[in-house]
1. Can you find, within segment 199-211, the residue that is nearest to A25 (Cα to Cα) among those that are within 16 Å of ligand 2 (Cβ to nearest atom) and of a type in the set (D, E, K, R)?
2. Conditions: (1) closer than 28 Å to T42 by Cβ; (2) buried (at least 22 other Cβ atoms within 10 Å of the Cβ). P155 meets all but one. Number of the miss?
3. Out of the residues in segment 212-240 that are within 15 Å of ligand 2 (Cβ to nearest atom) and open to solvent by 10 Å² or more (accessible area, probe 1.4 Å), which is modelled with the lowest pLDDT?
4. Restricting attention to segment 189-211, which residues are buried (at least 22 other Cβ atoms within 10 Å of the Cβ) and either not in a strand (DSSP E or B) or not β-branched (V, I, T) (or both)?
5. When you go through M81, M92, M1 one by one, which is the residue that is among the aliphatic types (A, V, I, L, M), over 30 Å from A132 (Cα atoms) and either modelled with pLDDT of 95 or more or within 16 Å of ligand 2 (Cβ to nearest atom) (or both)?
6. Would you say M179 is surrounded by 21 or more Cβ atoms within 10 Å (Cβ to Cβ), in a strand (DSSP E or B) and away from ligand 2 (no atom under 16 Å from the Cβ)?
7. So R149 fits all but one of (1) part of a loop (DSSP other than H, G, I, E, B); (2) within 27 Å of T193 (Cβ to Cβ); (3) among the charged types (D, E, K, R); what number is the exception?
Amino acid sequence: MIQVENLHKKFGKTEVLKGIDLTVAEKEVVSIIGPSGSGKSTLLRCMNLLEDCSSGRVIVDGHDLTDPATDINQVRTDVGMVFQQFNLFPHMSVLDNIALAPVQVRGWSRQQAEEKATSLLAKVGLEEKATAYPQQLSGGQQQRVAIARALAMDPKVMLFDEPTSALDPEMIGEVLAVMKELAQEGMTMVVVTHEMGFAREVCDRVIFMDDGVIQEEGNPTEVFQHPRHERTRVFLSKVL
Ligand code: ADP
Ligand code: MG
């Protein structure tokens with residue numbers, strides 16, 4: 001579903017991704033862990049063209065994102081993204097936040113988009129919040145709306161960039177539960193997270209990034225219990 005080949009990304013003279021190779025299979029759930037500044041967000045952003053690549057290739061569901069002929073809007077509908085900050089539209093109801101893109105980008109009828117939004121709200125456990133505004137919701141509820149909004153486009157892949165890092169501890173579980181359900185339903189997911197429990201329990205594969213490269217990857221047992229590299233050990237000793 002996702003194929004990253006020898007991806008390099010520079011900001012000015014600073015190279016923050018130094019040759020990333022990564023393949024994510026359909027229905028696979030991959031977590032990316034690693035210290036702050038190691039390039040995790042930049043890598044995710046290159047997977048939906050929020051950043052362009054300096055060199056290398058990123059292919060999502062057969063579309064080469066580095067090919068100038070590729071339709072950016074098509075890529076953005078195929079790749080849903082959820083951020084640390086929920087980025088909901090504050091002046092719109094929860095329902096409108098979710099229904100907006102399907103109407104504007106997919107050309108759905110208002111009614112069709114609202115039906116979809118309603119069923120997604122039920123899926124994330126917030127049916128009764130359809131007419132509420134974002135600031136009337138808790139952080140955990142807002143993030144669940146943000147997930148529903150990303151799902152409204154029927155994406156083929158979901159990218160999560162530290163989706164629980166801005167939440168109070170008691171709200172983290174409700175967001176992780178929605179993500180876990182999504183994973184069990186077979187969504188292809190790439191999740192940058194500090195939630196090692198989630199990475200261990202839910203993910204098929206864990207990738208440890210440091211200093212712009214993938215230092216180590218493997219199934220959760222391998223990476224958490226038998227890390228091969230010293231840098232991985234040092235990082236895990238700080239977060240576990
Ligand atoms: P992480 O998500 O692992 O914390 P990032 O991908 O956000 O790491 O950042 C990797 C490096 O790239 C950092 O040194 C950061 O300062 C730098 N960086 C990220 N975005 C930009 C940008 N738009 N311009 C310049 N430098 C950036
Ligand atoms: Mg980041």
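The values are calculated or read from the model by the stated rules, or taken from the named source; none is laboratory data. It should be emphasised that the depicted structure is a prediction, and the values quoted were computed from it without experimental measurement. Every residue, glycine among them, receives a Cβ derived from its backbone with ideal geometry; neighbour counts consider all protein chains shown. Heads up: the accessible areas ignore ligands, DNA and RNA and are worked out on the full protein's heavy atoms, side chains in. Shrake-Rupley method; radii C 1.70, N 1.55, O 1.52, S 1.80 Å.
1. D210
2. Failed condition: (2).
3. Of segment 212-240, the ones within 15 Å of ligand 2 (Cβ to nearest atom) are 212, 235, 239.
Filter again for open to solvent by 10 Å² or more (accessible area, probe 1.4 Å), leaving 235, 239.
Details: F235: 96, V239: 90.
Out of the qualifying residues, it is V239.
4. M189, T193, E195, F198, A199, C203, F208, M209
5. Just a single option satisfies the conditions, and that option is M1.
6. no
7. That leaves (1) as the condition not met.
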